[in-house]
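*Asks:* My structure is below; once you've seen it, I'll send some questions.
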């Protein structure tokens, strides 16, 4: 059998055969293509190793409240720390986002990260990257440090975020609602 005929048989098996084996091969090919081709390509385009993340906690939820109502319930901490409602109106994701959303990230140089940005960072405290709002930026001789806080949390995160923790991540710039539940359900099913 020639090389061309072999390729044609493989092509027919993958695209036209309706056997269980063809389906299994298609699922494996889809996984390989997404994991090792599409995801890295998106990462290169957006300058981050994590171009797409699923939100796995409720720390950024505003519980369905509009900005005015949410602000009135949370303004004490923000006002004490120099934020105004007008500041929030200008921030991306001013109404937060929900567990199960997919966030699209863009790599960003630490010097370009500012208060109000939604930052994704890695920490050894959690299995998944953390996605919280930057509420403080400090630049000193040791580097840049960021204080972050989940909009739905009472106070800021216990530790500052270093440049090293954001080297492979970035800031959120777009949201796809609910699609992250696919990952969450899949991962939770595997853990059982």
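*Asks:* Among what's in segment 130-173 and is surrounded by 14 or more Cβ atoms within 10 Å (Cβ to Cβ) and touching a helix residue (DSSP H, G or I) at 6+ places or on another chain (Cβ under 7 Å), pick the residue that is farthest from residue 105 (Cα to Cα).
*Replies:* Among those residues, the one meeting the criterion is 144.
*Asks:* Here is a follow-up. Quick one: in segment 141-192, which of the residues that are free of Cβ contacts under 8 Å to residues at least 12 places away in the same chain and in a loop (DSSP other than H, G, I, E, B) is nearest to the chain's Cα centre (by Cα)?
*Replies:* Selected residue: 167.
*Asks:* A follow-up question, please. Is there any pair linking a residue in segment 25-36 that is not assigned by TED's automatic domain parsing to the domain that holds residue 51 to one that is in a helix (DSSP H, G or I) and surrounded by fewer than 11 Cβ atoms within 10 Å (Cβ to Cβ), with Cβ under 9 Å and at least six apart or on different chains, and which?
*Replies:* Sorted first by the residue in segment 25-36, then by its partner, the pairs are 26/15.
*Asks:* Given the structure, is residue 97 within 17 Å of the chain's Cα centre (by Cα), over 24 Å from residue 40 (Cβ atoms) and modelled with pLDDT of 95 or more?
*Replies:* yes
*Asks:* Another question, if that's okay. crowded, with 18+ Cβ neighbours inside 10 Å and either assigned to a loop (DSSP other than H, G, I, E, B) or free of Cβ contacts under 8 Å to residues at least 24 places away in the same chain (or both): is that true of residue 127 in this structure?
*Replies:* no
*Asks:* Let me ask you something else. Does segment 12-26 hold any residues that are out of contact with any helix residue (DSSP H, G or I) (no Cβ under 7 Å at 6 or more places or on another chain), in a helix (DSSP H, G or I) and surrounded by 11 or more Cβ atoms within 10 Å (Cβ to Cβ), and which are they?
*Replies:* Answer for segment 12-26, where residues must be out of contact with any helix residue (DSSP H, G or I) (no Cβ under 7 Å at 6 or more places or on another chain), in a helix (DSSP H, G or I) and surrounded by 11 or more Cβ atoms within 10 Å (Cβ to Cβ): 12, 23.
*Asks:* Here is a further query. In segment 71-90, which residues are buried (at least 18 other Cβ atoms within 10 Å of the Cβ) and in contact (Cβ under 8 Å) with a residue 40 or more places away in the chain?
*Replies:* Answer for segment 71-90, where residues must be buried (at least 18 other Cβ atoms within 10 Å of the Cβ) and in contact (Cβ under 8 Å) with a residue 40 or more places away in the chain: 74, 83.
*Asks:* I would also like to ask the following. Please go through (1) within 21 Å of residue 131 (Cβ to Cβ); (2) outside the structural domain of residue 171 (by TED's automatic domain parsing) for residue 77 and return the number of the only condition it doesn't satisfy.
*Replies:* Among (1) within 21 Å of residue 131 (Cβ to Cβ); (2) outside the structural domain of residue 171 (by TED's automatic domain parsing), residue 77 violates only (2).
*Asks:* Any chance you could count how many residues in segment 52-69 are free of Cβ contacts under 8 Å to residues at least 60 places away in the same chain and either assigned to a strand (DSSP E or B) or surrounded by 18 or more Cβ atoms within 10 Å (Cβ to Cβ) (or both)?
*Replies:* Going through segment 52-69 one residue at a time, the tally reaches 1.
*Asks:* Checking residue 100 against (1) surrounded by 14 or more Cβ atoms within 10 Å (Cβ to Cβ); (2) more than 20 Å from residue 172 (Cβ to Cβ); (3) in contact with a helix residue (DSSP H, G or I) (Cβ under 7 Å, 6 or more places away or on another chain), which single condition isn't satisfied?
*Replies:* (2)
The values are calculated or read from the model by the stated rules, or taken from the named source; none is laboratory data. What you see is a predicted model, and the numbers here were worked out from it, not measured in a lab. Positions of Cβ are generated from backbone atoms using ideal geometry, with glycine treated the same way; all protein chains shown enter the neighbour counts.
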